[in-house]
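Chemist: Let me begin by handing over the structure; questions about it come next.
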Amino acid sequence: MDDDRWMSRAVALAGRSPRSSTAFAVGAVIVGADGREIACGWSRDTDPLVHAEESALLRAGGEDLTGATLYSSLEPCSKRASRPDATCTSLILAARIPRVVIAWHEPDIFVTCEGVALLTAAGVEVVEMPEYAQSARAANAHLLPPIMPEGAPEGSPEGAPEGGPEGSPKGAPEGSPKP
Ligand SMILES: [Zn+2]
């Protein structure tokens with residue numbers, strides 16, 4: 001089982017996704033029991049709404065996937081605004097893929113994702129490779145809140161200015177600081 005090799009590929013595919021401000025960039029690869037790549041996909045690769053796992057499953061066509069592993073850089077979605085009846089979780093279950101490997105749990109930015117829980121409940125083996133999470137996040141940095149340094153004051157203004165709290169302007173602000 002060459003999980004590292006395939007997850008590296010899934011993460012690299014995520015980087016091909018056209019950027020969106022409303023959806024993640026994800027890569028997915030489906031690998032057969034014989035270790036052969038059956039299909040791959042990435043976010044928005046064939047149409048503006050398609051998800052990576054969905055795209056890979058479409059490309060897999062009618063192949064028997066009952067021995068396959070699906071690698072995805074992100075947890076498969078369980079709620080989907082654009083195509084409510086075609087979540088990646090439901091598509092994976094319909095394809096009877098028995099094993100799913102992910103790098104990164106979907107953060108609750110757009111929806112709360114229950115993909116891993118639903119897959120596990122349905123008997124799918126779900127493996128996480130957190131060592132790839134940072135790479136999987138990288139393609140989505142524009143969607144993620146900046147990582148605040150430890151001990152940053154709470155209640156910082158929403159929409160903090162670019163550049164963050166460090167690097168305050170050299171020129172003193174007009175309102176002079178309180179003594
Ligand atoms: Zn999806």
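The values are calculated or read from the model by the stated rules, or taken from the named source; none is laboratory data. Since this is a predicted model, take the numbers as computed values, not measurements. All Cβ positions, even for glycine, are placed from backbone atoms using ideal geometry, and neighbour counts span all protein chains on display.
Chemist: Just for segment 20-39: of the residues that are in a loop (DSSP other than H, G, I, E, B) and either at pLDDT 95 or above or over 23 Å from D85 (Cβ atoms) (or both), which one is farthest from the chain's Cα centre (by Cα)? Give the steps one after another, and end with the answer.
Modeler: Going through segment 20-39, the residues in a loop (DSSP other than H, G, I, E, B) turn out to be 20-26, 32-36.
Subset that is either at pLDDT 95 or above or over 23 Å from D85 (Cβ atoms) (or both): 21, 25-26, 32-36.
Values: S21: 14, A25: 6, V26: 5, G32: 22, A33: 24, D34: 26, G35: 23, R36: 23 Å.
By that ranking, first place goes to D34.
Yes/no per residue for (1) touching a residue at least 40 places away in the same chain (Cβ under 8 Å); (2) of a type outside the set (S, T, Y):
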{"site": "A12", "(1), (2)": "no, yes"}
{"site": "S17", "(1), (2)": "yes, no"}
{"site": "S20", "(1), (2)": "no, no"}
{"site": "I30", "(1), (2)": "yes, yes"}
{"site": "G62", "(1), (2)": "no, yes"}
{"site": "L91", "(1), (2)": "no, yes"}
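Chemist: Further question: Would you mind stating whether L119 is in a helix (DSSP H, G or I), surrounded by 24 or more Cβ atoms within 10 Å (Cβ to Cβ) and modelled with pLDDT of 95 or more?
Modeler: Details: in a helix (DSSP H, G or I): yes; surrounded by 24 or more Cβ atoms within 10 Å (Cβ to Cβ): yes; modelled with pLDDT of 95 or more: yes.
Criteria met by L119.
Chemist: Right, here's the next one. Please go through (1) of a type outside the set (F, W, Y); (2) without any contact (Cβ under 8 Å) to a residue 40 or more places away in the chain; (3) more than 10 Å from the ligand (Cβ to nearest atom) for S73 and return the number of the only condition it doesn't satisfy.
Modeler: (2)
Matching residues to (1) in a strand (DSSP E or B); (2) hydrophobic (A, V, I, L, M, F, W, C):
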residue: P18; (1), (2): no, no
residue: G41; (1), (2): yes, no
residue: T89; (1), (2): no, no
residue: I92; (1), (2): no, yes
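Chemist: Follow-up question, since we're still on this one. Output the number of residues of segment 131-168 satisfying the condition of being surrounded by fewer than 12 Cβ atoms within 10 Å (Cβ to Cβ) and at pLDDT 60 or above.
Modeler: 8
Chemist: Quick one: which of E128, E114 is more than 15 Å from the ligand (Cβ to nearest atom), surrounded by 14 or more Cβ atoms within 10 Å (Cβ to Cβ) and not hydroxyl-bearing (S, T, Y)? I'd like the intermediate steps shown before the answer.
Modeler: Numbers: E114 fails: more than 15 Å from the ligand (Cβ to nearest atom).
Step by step, each of E128, E114 is checked, and only E128 is more than 15 Å from the ligand (Cβ to nearest atom), surrounded by 14 or more Cβ atoms within 10 Å (Cβ to Cβ) and not hydroxyl-bearing (S, T, Y).
Chemist: Let me ask something else. If we keep just the residues of segment 57-75 that are outside any loop (DSSP other than H, G, I, E, B) and of a type outside the set (A, V, I, L, M, F, W, C), which is farthest from the chain's Cα centre (by Cα)? Walk me through how you get there before you give the answer.
Modeler: Let us first name the residues in segment 57-75 that are outside any loop (DSSP other than H, G, I, E, B), namely 57-60, 69-72.
Adding the requirement that they be of a type outside the set (A, V, I, L, M, F, W, C) leaves 59, 69, 71-72.
On the way: R59: 19, T69: 17, Y71: 11, S72: 7 Å.
Here the answer is R59.
Chemist: On the given criteria, is E54 part of a helix (DSSP H, G or I), within 12 Å of the ligand (Cβ to nearest atom) and of a type in the set (D, E)? Lay out the reasoning, then the answer.
Modeler: Numbers: part of a helix (DSSP H, G or I): yes; within 12 Å of the ligand (Cβ to nearest atom): yes; of a type in the set (D, E): yes.
For E54, the condition - part of a helix (DSSP H, G or I), within 12 Å of the ligand (Cβ to nearest atom) and of a type in the set (D, E) - is met.
Chemist: Would you please name the residue that is farthest from the ligand (Cβ to nearest atom), looking only at residues in segment 76-97 that are buried (at least 24 other Cβ atoms within 10 Å of the Cβ) and within 17 Å of F110 (Cα to Cα)? Walk me through it before giving the result.
Modeler: The initial filter retains those residues of segment 76-97 that are buried (at least 24 other Cβ atoms within 10 Å of the Cβ), namely 76-77, 88-89, 92.
If we keep only those that are within 17 Å of F110 (Cα to Cα) too, we end up with 76-77, 88-89.
Details: P76: 6, C77: 3, C88: 3, T89: 8 Å.
The qualifying residue farthest from the ligand (Cβ to nearest atom) is T89.
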